[in-house]
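Q: Starting off with a structure, shown below.
The values are calculated or read from the model by the stated rules, or taken from the named source; none is laboratory data. Remember, it's a predicted structure, so these values are computed and weren't measured experimentally. Here the Cβ positions follow ideal geometry from the backbone for every residue, glycine too, while neighbour counts run over all protein chains shown. These accessible areas exclude ligands, DNA and RNA; they are computed on the full protein's heavy atoms, side chains included. Shrake-Rupley method; radii C 1.70, N 1.55, O 1.52, S 1.80 Å.
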Amino acid sequence: MKRIEIFNFKSPNRAPLKVEGFLFGEESNGPSVAIVGAMSGDHINQLYVASRLVEYLRQKEEEGKISGKILVIPAINSYALNMGETFWPLDKTDINMMFPGYAQGETTQRIAAKLFEALQGFNYGIILEGRRDQGMCLPYVKLIKSDYEDIDSARDLGMRFIHFRPYSPIETVMLQYNWQLWGTKALSVVFGKNGSIDPVSSEEVHGALVRFMVKRQILDTAVFEGFVSNIIEPEGITLLKASRAGIFDSLVSCGTTVSKGDTLGRITDALSGEKLEKIIAPIDGVLTCQYAHPLIFQNSIAFRIASVELKKSITKSK
Amino acid sequence: MGVIEEVFSIDLPVGEQFRIQRCRYTPTGGETLKRISIVSGIHGDELEGQYVCFLLGEWLRAHADKIKATIDIYPAINSLGLDSITRSVPFYDVDLNRIFPGSKNDFLPAQIADGVVSAMRGSEIAIDIHSSNVFLREIPQVRIAKSQAKTLVPLANKLNIDFVWVHDAVTVLESTFAHAMNTLGTKTLVVEMGVGMRLGKAYGHQLLEGILNLMACEGFLDIEPLDVRMPIQSHVGEVAYLNASCPGLFVPAIEHCQMIEKGSIVGAIVDPLSGQTLDEVIAPIGGILFTLRAYPIVYEGSLVGRIFGENV
């Protein structure tokens, strides 16, 4: 294992921002993968999974099990992580909205450019992402349709769901889209709840990353088979909104198979305690995401259910 | 007298509603299909537009007989942010101006965006007034995507601003209010002026005159057009960006909105700890310093100024 400095960025008054990577194996031996951890200061789960993976790979390298090249960068925005901020602490910009970066541009554009340069040339790229809302979710693969996406490698994670969808305008400045355009088979694994560590999700993601590396002949070890991934397109997701605001009480957990008519959650008036709403499953499916804050806003998305109806999803076997 | 209306409301969790209000001014004969929307406060730390809304409302109250078509004033889109010095939508930490056109089926910021679009859909013209952020001070200017230049530049020239900046289309800007409204057929101008968290009275009065002039020219007000300034046009020159070469404290050497010569000193980046001057920021071209950093802490790359220089 080589502990390398990806880049170093000076601050007016703080100690320099030092972004480190952990490099395993050699490129000449086989395919390569780069894994990017916390780009935001609330992506604690992503930091945890990445750092745990570093320790796992260190042991595997000692056992001679690395057959390709692996780069893990557990934290990009450690400045934000160290002070409870989400984005770049001075100007609140999101590093993951600055790709492919610009070396002569603003601060986070420069940080993105330095990171992006270090990520070039890898066969595969995996971004460990948190959520961009107040939710928590079952770990899933997010693969955007850039015309350069590679769904076969996404299947090798063996995760239960691959959310496969067109990109939105803002995603054109995010890492996955740009990494794909520059020739790396890039995808994101989205999981957990921002600002916390979920041991079950973390274990699942860790297993998926190891499985991916084994399937792609980067790592030589025994692994269990994962899921035959369900490829879910946007029309396969049913959104359940809270019609009232108040205190939100979820009665289920992500990953639960629900039936039409099941009560999934309740909302009560935050002042009077009056029962305002029961949120009922309108369809059979698997609960993939749920709102994860005790206070809910009117019309917030309380739950997402992935439908397994043939009309609404495309399921393919490997 | 304008009529205050609530155009979007959504319950917050604890005994409060998030709401968007507008003040609607109509001719004595009642509402017209012809409508203009004046918008501010999409970013909660930008207050210049609130002052312009006040000035415009004050003028309309005093000249109700001059109103020929419906005029809507929306001073506070991101009301949670405005009342808490928060640029983005609090709680979600999402830039509202990167979420348009929004959706009824998405999280709160997207629903707010959808509510804004629904309220303003059908307006002939919209003027979206921004300050800069807290870091930069800007002269009054309108920014227009190149694809919209033919339609919007003639309108912008009526606004009594100093600069019209036509820029290349960037995909991410497709998520802005202006792009969403222009796509729906509302000619939407984005004004930037001043600095975040502050208001400048002079800029407010300057833009008020421009809005009155535009409304006179476009048939919203029964007044003679005003004698407004012709803005500098970006296509006749180039914009030079001045980014900090190192971290430190930026100390400007000249005032904002000055004409400067190539090679002159715009400011210095100094180190308070060692007492050293780390770098001098030098003008790479001559022209007008139309952007100047207002917040002194800089990292490498922080924008400290922009100069517009005419082609020679």
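Q: Taking the solvent-accessible surface of protein heavy atoms with a 1.4 Å probe, what is the per residue accessible area of region A:1-139 in Å²? Don't skip to the answer; put the middle values down first.
A: Values: 5370 Å² over 139 residues.
Ligands and nucleic acids excluded, the figure is 39 Å² per residue.
Q: Additional query: So who's got an amide H within less than 5 Å of the one on A:Leu219, skipping anything under 5 residues away but keeping other chains? H placed 1.01 Å off N, in plane.
A: HN-HN under 5 Å from A:Leu219: A:Ser67, A:Val214.
Q: Tell me, what is the percent relative contact order of chain B, built from C-alpha pairs under 8 Å that lie six or more residues apart?
A: Details: 781 pairs, mean separation 50.9, N = 312.
Averaging sequence separation for qualifying contacts and normalising by length gives 16 percent for chain B.
Q: Any chance you could check region B:107-154 for residues losing 20 Å² or more of accessible area when the partner protein chains are in, compared with the chain on its own (1.4 Å probe)?
A: The answer is B:Phe107, B:Leu108, B:Gln111, B:Phe135 - residues whose exposure falls by at least 20 Å² when every protein chain is included.
Q: Over region A:167-293, calculate the relative contact order: mean separation of alpha carbon pairs under 8 Å at least 6 apart, over the residue count, as a percent. Mind dumping the intermediate values first?
A: Details: 128 pairs, mean separation 19.6, N = 127.
Value for region A:167-293: 15 percent.
Q: How much accessible surface area, in Å² rounded to 10, belongs to the heavy atoms of A:Thr172 with a 1.4 Å probe?
A: Here the accessible area works out near 20 Å².
Q: At 0.36 nm per residue, and after removing the present C-alpha to C-alpha distance, how many nm does the segment from A:Asp152 to A:Arg266 gain when stretched out fully? Let's see the in-between values first.
A: Numbers: separation 114, 0.36 × 114 = 41.04 nm, distance 3.97 nm.
This chain segment gains 37.1 nm when fully extended.
Q: Measuring from label point to label point, each 7 Å out along Cα→Cβ, what is the B:Gln276 to A:Met83 span in nm?
A: Between B:Gln276 and A:Met83, the simple spin-label model gives 2.3 nm.
Q: Sticking with this one: In whole Å, what is the distance between the alpha-carbon centres of region B:58-128 and region A:169-195?
A: A separation of 30 Å, based on Cα centres.
Q: I'd like to check one number: the per residue accessible area of region B:15-172, probe 1.4 Å, reported in Å² as a whole number. All intermediate terms of the calculation are to be shown ahead of the outcome.
A: Values: 5720 Å² over 158 residues.
Per-residue accessible area for region B:15-172 comes out at 36 Å².
Q: For chain B, what is the convex hull volume of its Cα atoms per residue in Å³? Before the final figure, lay out each step's value.
A: Values: hull volume 43.9 nm³, N = 312.
Dividing the Cα hull volume of chain B by its residue count gives 141 Å³.
Q: What's the carbon and sulfur percent of the protein assembly as shown's accessible surface, probe 1.4 angstrom, rounded to a whole number?
A: Solvent-exposed carbon and sulfur of the protein assembly as shown make up 51 percent of the total.
Q: Okay, moving on. Based on alpha-carbon centroids, what's the gap between region B:289-303 and region B:133-152 in Å, whole number please?
A: About 18 Å separates the Cα centre of region B:289-303 from the one of region B:133-152.
Q: Oh, and also: Among A:Phe297, B:Ser274, B:Ala202, flag the residue with its Cα farthest along the positive direction of the charge dipole of the protein assembly as shown, charges on Cβ as +1 for Lys/Arg and -1 for Asp/Glu.
A: Going by the charge dipole, the pick is A:Phe297.
Q: Search the structure for amide H atoms under 5 Å from the amide H of B:Val166, placed 1.01 Å from N in the peptide plane, and list their residues when 5 or more places away or on another chain.
A: B:Ile144, B:Ser234, B:His235
Q: In region B:243-307, what trypsin sites (Lys or Arg not before Pro) fall in a loop by DSSP, with at most 16 other Cβ atoms inside 10 Å?
A: Working: sites: B:Lys262, B:Arg293, B:Arg306; in loops: B:Lys262.
The qualifying sites are B:Lys262.
Q: Same structure again: Below 8 Å, C-alpha to C-alpha, sequence gap of six or more: please give me the relative contact order for chain A in percent.
A: Details: 772 pairs, mean separation 51.4, N = 318.
That works out to 16 percent.
Q: Under 17 Å from the 7 Å Cα→Cβ point of A:Tyr56, by amide nitrogen: which residues of region A:219-248?
A: A:219-227
Q: In the protein assembly as shown, what % of DSSP beta bridges are antiparallel (nearest 5)?
A: Working: 89 of 136 bridges.
Of all bridge pairs located within the protein assembly as shown, approximately 65 percent are antiparallel.
Q: So, one more: With +1 assigned to the C-beta of every Lys and Arg and -1 to the C-beta of every Asp and Glu, and no other charges, what is the dipole magnitude of region A:191-237 about the Cα centre in debye, to the nearest 20?
A: On the way: 4 positive and 7 negative charges, 35 e Å.
For region A:191-237, the charge dipole is close to 160 debye.
Q: Moving on to the next point. Please list, in chain and number order, the residues 5+ apart from A:Ile127 or on another chain whose amide H is under 5 Å from its amide H, with Hs placed from the backbone.
A: Hits under the 5 Å cutoff: A:Val36, A:Leu187, A:Ser188, A:Val189.
Q: Counting only Cα, what are the radius of gyration and maximum Cα-Cα distance Dmax of region A:219-315, in Å?
A: 16.2, 59
Q: Starting from the Cα of B:Glu16, step 7 Å along the direction of its Cβ; do the same at B:Asp65; then give the gap between the two resulting points in nm.
A: Result: 4.4 nm between the two label points.
Q: List, in the order given, every pair from A:Lys2/A:Lys69; A:Lys92/B:Lys262; B:Lys158/B:Lys262 whose Cα-Cα distance in the structure shown is over 23 Å. Before the final figure, lay out each step's value.
A: Details: A:Lys2/A:Lys69 11 Å; A:Lys92/B:Lys262 32 Å; B:Lys158/B:Lys262 31 Å.
In this structure, A:Lys92/B:Lys262; B:Lys158/B:Lys262 exceed 23 Å between Cα atoms.
Q: Here's something else I'd like to know. Might you report the magnitude of the Cβ-based charge dipole of the protein assembly as shown about its Cα centre, with Lys and Arg at +1 and Asp and Glu at -1, to the nearest 20 debye? Provide the component values of the computation, followed by the final result.
A: Values: 60 positive and 72 negative charges, 202 e Å.
Roughly 960 debye for the protein assembly as shown.
Q: Rounded to the nearest 100 Å², what's the accessible area chains B and A bury against each other, both chains counted, probe 1.4 Å? Can you show the working numbers first?
A: Details: alone 14360 and 14720 Å², together 25980 Å².
Adding both sides of the contact gives about 3100 Å².
Q: Oh, and also: Take the alpha carbon atoms of the protein assembly as shown, find their radius of gyration, then divide it by 2.2 N^0.38 Å using N residues; give the quotient. All intermediate terms of the calculation are to be shown ahead of the outcome.
A: Values: Rg = 26.5 Å, N = 630, 2.2 N^0.38 = 25.5 Å.
In units of the 2.2 N^0.38 Å rule of thumb, it is 1.04.
Q: Further question on the same structure: What ³J(HN,Hα) values, in whole Hz, does the Karplus curve 6.51 cos²θ - 1.76 cosθ + 1.60 give for region B:99-108 when θ = phi - 60°, with x put for Gly and Pro?
A: 9, 6, x, x, 7, 6, 9, 10, 6, 3
Q: Only sites in a loop by DSSP and with at most 10 other Cβ atoms within 10 Å count here; which GluC sites (Glu not before Pro) in region A:50-110 make the cut?
A: On the way: sites: A:Glu55, A:Glu61, A:Glu62, A:Glu63, A:Glu85, A:Glu106; in loops: A:Glu63, A:Glu85, A:Glu106.
Answer in residue order: A:Glu63.
Q: Then there is this: After finding the eigenvalues of the alpha carbon gyration tensor for region B:156-310, what semi-axes result from the square roots of 5 times each, listed largest first in whole Å?
A: For region B:156-310, the ellipsoid semi-axes come out as 34, 18, 15 Å.
Q: Another question, if that's okay. Residue by residue through region B:130-136, what is 3J(HN,Hα) from phi via Karplus (6.51 cos²θ - 1.76 cosθ + 1.60, θ = phi - 60°)? Round to whole Hz and write x for glycine and proline.
A: Ordered by residue, 3J(HN,Hα) equals 10, 7, 6, 7, 6, 8, 10 Hz.
Q: Please give the Cα centre distance for region A:205-219 versus region A:231-268, rounded to the nearest Å.
A: Cα centres, region A:205-219 to region A:231-268: 32 Å.
Q: Just in region B:1-44: which GluC sites (Glu not before Pro) are loop by DSSP and have at most 13 other Cβ atoms within 10 Å?
A: Values: sites: B:Glu5, B:Glu6, B:Glu16, B:Glu31; in loops: B:Glu31.
The qualifying sites are B:Glu31.
Q: Using helices alone, I'd like the mean residue ellipticity at 222 nm for chain B: each DSSP H run of four-plus residues gives -39500 (n - 2.57), total over residue count, nearest 500.
A: Values: 6 runs with 64 residues, N = 312.
Calculated at 222 nm, the ellipticity per residue is -6000 deg cm²/dmol.
Q: Let me ask something else about it. For region B:60-183, take N as its residue count and report Rg(C-alpha) divided by 2.2 N^0.38 Å. Show your work: numbers first, answer last.
A: Details: Rg = 15.7 Å, N = 124, 2.2 N^0.38 = 13.7 Å.
Cα-based Rg divided by the globular estimate yields 1.14.
Q: For chain B, set up a GNM with springs between Cα atoms under 10 Å and report which of B:Ile67, B:Ile112, B:Ile129 has the largest fluctuation.
A: B:Ile67
Q: Cut-off 10 angstrom, C-alpha nodes, Gaussian network model of chain A. Which of A:Leu47, A:Leu17, A:Leu90 fluctuates the most?
A: Maximum among the listed residues: A:Leu90.
Q: Pull up the DSSP beta bridges for region A:96-248 and report the antiparallel fraction as a percent, rounded to 5. Before the final figure, lay out the partial values.
A: Details: 5 of 19 bridges.
Once the DSSP bridges in region A:96-248 are tallied, antiparallel ones form about 25 percent.
Q: Sorted by accessible area with a 1.4 angstrom probe, largest first, how do A:Asp220, A:Asp147, B:Asp114 fall?
A: Accessible-area ranking of A:Asp220, A:Asp147, B:Asp114, largest first: A:Asp147, A:Asp220, B:Asp114.
Q: Over every pair of different alpha-carbon atoms in region B:1-82, take the mean of 1/r and invert it; report that Kirkwood radius in Å.
A: Details: mean 1/r = 0.0741 Å⁻¹.
One over the average 1/r among Cα pairs gives 13.5 Å for region B:1-82.
Q: Here is a further query. Roughly how many Å² is the accessible area per residue of region B:177-312, as a whole number, for a 1.4 Å probe? Could the numbers behind the result be given before it?
A: Working: 6140 Å² over 136 residues.
Result: 45 Å² per residue.
Q: What is the sum of charges, Lys and Arg at +1 and Asp and Glu at -1, for the other residues whose Cβ falls under 15 Å from the Cβ of A:Pro100? Show your work: numbers first, answer last.
A: On the way: positive: A:Arg110, A:Lys114; negative: A:Asp94, A:Glu106, A:Glu117, A:Glu171.
Net of charged neighbours comes to -2.
Q: Okay, next question. Excluding residues fewer than 8 places away in the same chain, name every one of the aspartates and glutamates whose C-alpha is closer than 19 Å to that of A:Lys278.
A: Excluding near neighbours in sequence, the set is A:Asp249, A:Asp262, A:Asp269, B:Asp11.
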